[in-house]
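The values are calculated or read from the model by the stated rules, or taken from the named source; none is laboratory data. As the structure is a prediction and not an experimental result, all values here were calculated from the model. Neighbour counts run over all protein chains shown; Cβ positions are idealised from the backbone, glycine included.
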């Protein structure tokens with residue numbers, strides 16, 4: 001059973017169709033940006049900014065994730081027979097590897113100490129790994145929106161640093177929009193597109209992705225503990241969960257608004273964040289109502 005996207009009250013495009021595939025692949029390739037990390041205008045940093053940059057605890061893990069992403073995506077592209085999907089996913093693989101080079105350039109330029117990284121090992125059955133990575137990237141990117149905006153507002157690094165990394169956040173957005181559409185297209189093409197079944201599979205994959213991220217940034221390793229709180233505390237000491245979710249949602253809307261409305265977008269994290277935000281906003285009101293009721 002195919003599903004239609006509705007745009008302005010009319011049927012716009014059938015999910016899982018050739019038109020759908022061509023749209024999400026074309027959207028990805030046409031928005032590609034050519035650059036070399038080594039040639040970007042990296043600024044000189046003063047001692048305070050350098051010390052802060054070097055104190056950020058997750059450069060090692062971030063580099064490992066990007067190196068692994070490049071190997072996973074590039075490896076999966078090589079297994080595909082569909083020439084359009086193969087070319088598009090291969091392009092993403094090059095972008096992921098370029099992200100790793102960008103981080104390595106930053107690490108080397110600003111003297112961030114890091115041990116030699118081990119080789120990346122990719123399992124032979126690569127599609128489940130590619131799928132897991134895609135859902136992890138959806139989770140990562142939503143929270144990265146908030147972290148990046150908070151760091152930028154803190155004004156602790158030159159604006160030129162953020163000018164370099166802002167397009168990288170947009171590239172991550174391109175990746176997750178492409179991934180969600182690829183996942184839906186693939187499920188429908190394989191006869192697994194019945195909406196409740198696809199939604200259940202999506203939730204299962206998100207659950208696996210979340211458990212993997214928790215394992216990566218677990219409290220067992222003090223250098224990687226509590227990824228989001230640790231990162232935000234570096235730039236601000238008075239950030240509440242409510243404010244952080246508000247920032248993530250605003251940035252998510254801003255960056256996603258650039259895309260063709262016929263394309264699917266990751267929805268789970270924004271929906272959960274909205275629910276959590278409404279709950280947090282109600283808590284003080286309930287406490288006030290209880291106090292007023294007790295004193296009446």
Exercise for the section: Please enumerate the residues belonging to segment 66-83 that are within 30 Å of residue 16 (Cβ to Cβ), part of a helix (DSSP H, G or I) and in contact (Cβ under 8 Å) with a residue 12 or more places away in the chain. Expected result: 68, 69, 70, 71, 72, 73, 74, 75, 76, 77
Problem - Residue list for segment 13-22, filter: in contact with a strand residue (DSSP E or B) (Cβ under 9 Å, 6 or more places away or on another chain) and either in contact (Cβ under 8 Å) with a residue 40 or more places away in the chain or in a helix (DSSP H, G or I) (or both) - result: 13, 15, 19, 20
Problem - Qualifying positions in segment 23-47 - assigned to a helix (DSSP H, G or I) and in contact (Cβ under 8 Å) with a residue 12 or more places away in the chain - result: 23, 24, 25, 27, 28, 29, 37, 38
Practice task
Determine which single condition residue 86 fails, assuming it passes every other condition in (1) assigned to a loop (DSSP other than H, G, I, E, B); (2) within 24 Å of the chain's Cα centre (by Cα).
Solution key: (1)
Exercise for the section: Check whether at least one residue in segment 222-230 is crowded, with 18+ Cβ neighbours inside 10 Å, modelled with pLDDT of 85 or more and part of a helix (DSSP H, G or I), and report yes or no. Expected result: no
Exercise for the section: Tell me, yes or no, whether segment 115-134 has at least one residue that is more than 25 Å from residue 76 (Cα to Cα) and surrounded by fewer than 19 Cβ atoms within 10 Å (Cβ to Cβ). Expected result: yes
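Every residue, every condition in (1) modelled with pLDDT under 95; (2) loosely packed, with under 11 Cβ neighbours inside 10 Å; (3) touching a strand residue (DSSP E or B) at 6+ places or on another chain (Cβ under 8 Å), yes or no:
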| position | (1), (2), (3) |
| --- | --- |
| 24 | no, no, no |
| 29 | no, no, no |
| 36 | no, yes, no |
| 39 | no, yes, no |
| 51 | yes, yes, no |
| 54 | yes, no, no |
| 61 | yes, no, no |
Exercise for the section: Looking only at segment 144-156, decide whether some residue is free of Cβ contacts under 8 Å to residues at least 60 places away in the same chain, more than 14 Å from the chain's Cα centre (by Cα) and outside any helix (DSSP H, G or I). Expected result: yes
